[in-house]
Amino acid sequence: MSSDTSSQSLATGTTVQPMIWSSGGLRLLDQRRLPQATEWLDCNSAAAVAEAIRSMAVRGAPAIGIAAAFGIVIDAQAGRDYAAAETVLLQSRPTAVNLHWALGRMRGVFDAGGGAGRLEAEAQAILVEDVTQNRRIGEFGAALLPQGARVLTHCNTGALATGGHGTALGIVRSAHAEGRVERVYATETRPWLQGARLTAWELVQEGIPSTLIADGAAASLMARGMIDAVIVGADRIAANGDTANKIGTYMLACCAARHEIPFYVAAPSGTFDLNTDSGAQIPIEERVGEELLHLAGQRTAAIGIEALNPVFDVTPAALIAAIVCEKGVIRPVGRSGVERVLGLS
Ligand code: MRU
């Protein structure tokens, strides 16, 4: 296992890694346990990978897609049925289109007669390409920020949510390396606390000046002139630029518009869904109410209350100053900009 770890580190050149591939198995850094514990979860079947995605041991749109691709490889190596593996993985979570995108690439290899070896090479390529794309996003995005930028970000879009480096947090990483970042404000991101648990963990490890805020504090910081830019990731971007991301993103975009603060989205091209016309057609995952009613295993809400737990929302294109992807910066955000930068027009 250790030699596989170092060879993958060399391939991606990143320090924090959400997963390690070794022939016959996928090790996932269990994100349900961070930052209290660093535990690895071994997955030896596509069904186990699907369960890890569903239960959020691995999460974040690009990371889900990469893990699913390796799930296909595991079952191919074991001689299990391709379609069954694909189906169980596709059903694991509904909103992040990267899952469909990565499984589409794997399906292309399989349909062309590719066996386990070629499927493994494709999954490795998806992982390595993701890190390369994130570094490009980082370069493009950093150039949008002023010197001494105070950036607000939501959820976790860092190395843990991707193959490495990150998307929105990758921009923060790149901008910090260029000496442009004064401070990052990370929202808690209730109810799952991706910000408090994961983004904070990554920022502290990297020594990036950072401050955790309650989700509800964002508008107040904007009103006090403490934020220069908001940067978030995406789980699915419709053809017109409407963007689905972690619940609370739309609220941040509304607040940023009110305070004339640029609101940026960062995502690789695999997050665009050109078959979806607008945000209204994006499936929004609803998770169990228990995630709201309990905190760290303790019931916190009054007994008897009902909970509604949509975990993504849609930000209209009109509220997004720019979308940064590895192919360039889409600005203004709309159908023609999306098509131009993705090379479709
Ligand atoms: O429910 P999660 O933690 O999978 O949601 C993650 C997000 O919403 C991220 O912002 C998005 O996937 C982009 S990750 C680079």
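Things worth noting here:
- Residue match in the stretch 134-143 (condition: at pLDDT 95 or above, in a loop (DSSP other than H, G, I, E, B) and under 30 Å from MET226 (Cβ atoms)): yes
- Residue in the stretch 40-79 that is nearest to the ligand (Cβ to nearest atom), counting only those that are within 12 Å of SER92 (Cβ to Cβ) and among the β-branched types (Val, Ile, Thr): ILE64
- Residues of the stretch 235-252 satisfying the condition of being of a type in the set (Gly, Ala, Ser) and either crowded, with 24+ Cβ neighbours inside 10 Å or closer than 18 Å to LEU292 by Cα (or both): ALA238, GLY241, ALA244, GLY248
- Residue that is outside any loop (DSSP other than H, G, I, E, B) and out of contact with any helix residue (DSSP H, G or I) (no Cβ under 6 Å at 6 or more places or on another chain), where the choices are ALA257, ALA217: ALA217
- The residues listed here are THR315, THR276; of these, the one that is polar (S, T, N, Q) and touching a Phe, Trp or Tyr at 6+ places or on another chain (Cβ under 8 Å) is THR315.
- In the stretch 237-250, the qualifying residues are those that are of a type outside the set (S, T, N, Q) and more than 9 Å from the ligand (Cβ to nearest atom), and the one that is farthest from THR189 (Cα to Cα) is ALA239.
- HIS154 being without any contact (Cβ under 8 Å) to a residue 60 or more places away in the chain and either of a type in the set (Asp, Glu) or under 25 Å from ASP215 (Cα atoms) (or both): no
- Pairs where the first residue, in the stretch 214-238, is closer than 21 Å to ALA317 by Cβ and at pLDDT 95 or above and the second is acidic (Asp, Glu) and outside any loop (DSSP other than H, G, I, E, B), C-beta under 9 Å, 6+ apart: ARG236/ASP273; ILE237/ASP273; ALA238/ASP273
- Checked against (1) of a type in the set (A, V, I, L, M); (2) surrounded by 23 or more Cβ atoms within 10 Å (Cβ to Cβ); (3) assigned to a helix (DSSP H, G or I), VAL265 passes all but condition (3).
- Residue match in the stretch 293-312 (condition: surrounded by 13 or more Cβ atoms within 10 Å (Cβ to Cβ) and assigned to a helix (DSSP H, G or I)): yes
- Some residue of the stretch 225-241 being in a helix (DSSP H, G or I) and touching a Phe, Trp or Tyr at 6+ places or on another chain (Cβ under 7 Å): no
Listed here are the residues, each with its yes/no results for (1) under 20 Å from LEU203 (Cα atoms); (2) more than 11 Å from the ligand (Cβ to nearest atom); (3) of a type in the set (Ser, Thr, Tyr).
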position: ALA96; (1), (2), (3): no, no, no
position: ARG107; (1), (2), (3): no, yes, no
position: GLY113; (1), (2), (3): no, yes, no
position: GLY158; (1), (2), (3): yes, no, no
position: GLY166; (1), (2), (3): yes, no, no
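The values are calculated or read from the model by the stated rules, or taken from the named source; none is laboratory data. This structure is a prediction, so every number in the text was calculated from the model and none was measured. So basically every Cβ, Gly included, is an ideal-geometry build from the backbone, and we count neighbours across all protein chains shown.
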